[in-house]
Amino acid sequence: MEDYIFSNDFTRNIDAMIYTCGYEDCAPGHSYGPVLRNGYLIHYILKGQGIYKARGKIFRLGPGDAFLICPGELIYYQADMKEPWSYTWIGMQGIKIKGYLERTTLPDKLTVHYGQDDQMRLCHEKMFEADKLPRNRDLIMNSIMYEYLFLLARKFPNDQLSVSEKKSDYVEKALKFIEARYCDPVTIQDIADDLNINRSYLHRLFKSFTGFSIQGYLLDYRVRQACILLRDTDLSVRVIAHSVSYADPLYFSRIFHQKMGMSPSDYRNHIRRQKS
């Protein structure tokens with residue numbers, strides 16, 4: 001198999017997505033790092049050997065092993081001089097990824113052993129095939145990602161999740177509330193009331209699981225939906241403002257400019273020039 005790399009870097013994606021995947025036959029001693037990454041990456045070793053350094057530990061790995069790179073953590077890995085490894089990798093981003101991975105032992109242990117699990121290995125292979133599709137590539141790649149996360153959670157379950165799962169459940173419900181109600185003038189208090197928890201507690205939970213304040217996430221989500229409408233429809237800025245909960249289109253335009261660095265109309269024209 002030839003070296004292969006796919007990359008689709010959206011560091012502020014609000015849900016969960018594949019942002020990179022690839023395959024590499026490493027030369028003897030080939031190394032990467034020390035470096036920080038901005039997403040979660042899982043490398044699966046097909047053959048050969050190497051070392052992975054993270055959190056002050058050194059892991060010596062071989063065929064069937066996989067290792068996790070977490071965002072913001074200093075890592076280093078290197079192929080063996082005599083038996084350099086070949087590996088595939090899957091990179092995931094989005095605020096839900098952390099919670100999904102915490103259903104497994106990977107965030108704590110950093111390494112697992114797939115063994116001869118064909119289903120998990122095939123997830124890596126199917127990613128490569130999906131990249132060749134002329135249309136809807138993102139849909140199939142993300143569907144494979146969810147299958148992969150399910151297989152990880154089933155094969156390497158985190159049995160210490162009782163309290164953490166409850167917290168994650170609150171965050172998941174808050175995300176679903178925002179996705180369903182962003183077009184209404186809802187407040188953070190409305191979300192907390194719906195979940196029947198304290199607003200300050202919700203703020204702390206959301207921040208710890210996603211890295212965003214819940215207020216900031218709600219604002220980002222509304223602006224992102226406005227971007228979609230500006231890109232894909234001919235609706236007026238006034239109608240789009242109303243569609244993402246802003247009764248005052250001038251206030252909406254100020255908020256949009258703060259987030260995107262341009263007015264809604266300029267954004268629409270910019271996107272259309274790119275397409276032409």
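The values are calculated or read from the model by the stated rules, or taken from the named source; none is laboratory data. Source: prediction; values computed, not measured. Positions of Cβ are backbone-derived with ideal geometry, glycine not excepted, and every protein chain shown enters the neighbour counts. All accessible areas refer to the heavy atoms of the entire protein, side chains included, with ligands and DNA or RNA removed. Shrake-Rupley method; radii C 1.70, N 1.55, O 1.52, S 1.80 Å.
Values as computed for the structure displayed
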quantity	calculated
Identity of the residue in region 214-244, under 26 Å from the mean Cα position of the chain (by Cα) and polar (S, T, N, Q), that ends up farthest from Arg273 (Cα to Cα)	Gln215
Residue in region 202-209 that is on the phi < 0 side of the Ramachandran plot, out of contact with any helix residue (DSSP H, G or I) (no Cβ under 6 Å at 6 or more places or on another chain) and touching a residue at least 60 places away in the same chain (Cβ under 8 Å) present	no
Index of the failed condition, Thr105 passing every other in (1) closer than 29 Å to Tyr221 by Cα; (2) open to solvent by less than 50 Å² (accessible area, probe 1.4 Å); (3) in contact (Cβ under 8 Å) with a residue 40 or more places away in the chain	(1)
Yes/no for Ser143 being of a type in the set (S, T, N, Q), open to solvent by 20 Å² or more (accessible area, probe 1.4 Å), at pLDDT 90 or above and assigned to a helix (DSSP H, G or I)	yes
Where a residue in region 35-49 is open to solvent by 20 Å² or more (accessible area, probe 1.4 Å) and its partner, wherever it lies, is part of a loop (DSSP other than H, G, I, E, B) and among the polar types (S, T, N, Q), with Cβ under 8 Å and at least six apart	Asn38/Thr11
Residue within region 146-166 that is part of a loop (DSSP other than H, G, I, E, B) and in contact (Cβ under 8 Å) with a residue 60 or more places away in the chain present	no
Strands (runs of 3 or more DSSP E) within region 46-111 that include 3 or more residues of a type in the set (Ser, Thr, Tyr) and within 16 Å of Cys26 (Cα to Cα)	86-93
Pairs where the first residue, in region 238-251, is within 15 Å of Ile228 (Cβ to Cβ) and the second is in a helix (DSSP H, G or I) and of a type in the set (A, V, I, L, M), C-beta under 6 Å, 6+ apart	Ile240/Ala226; Ile240/Leu229; Val244/Ala226
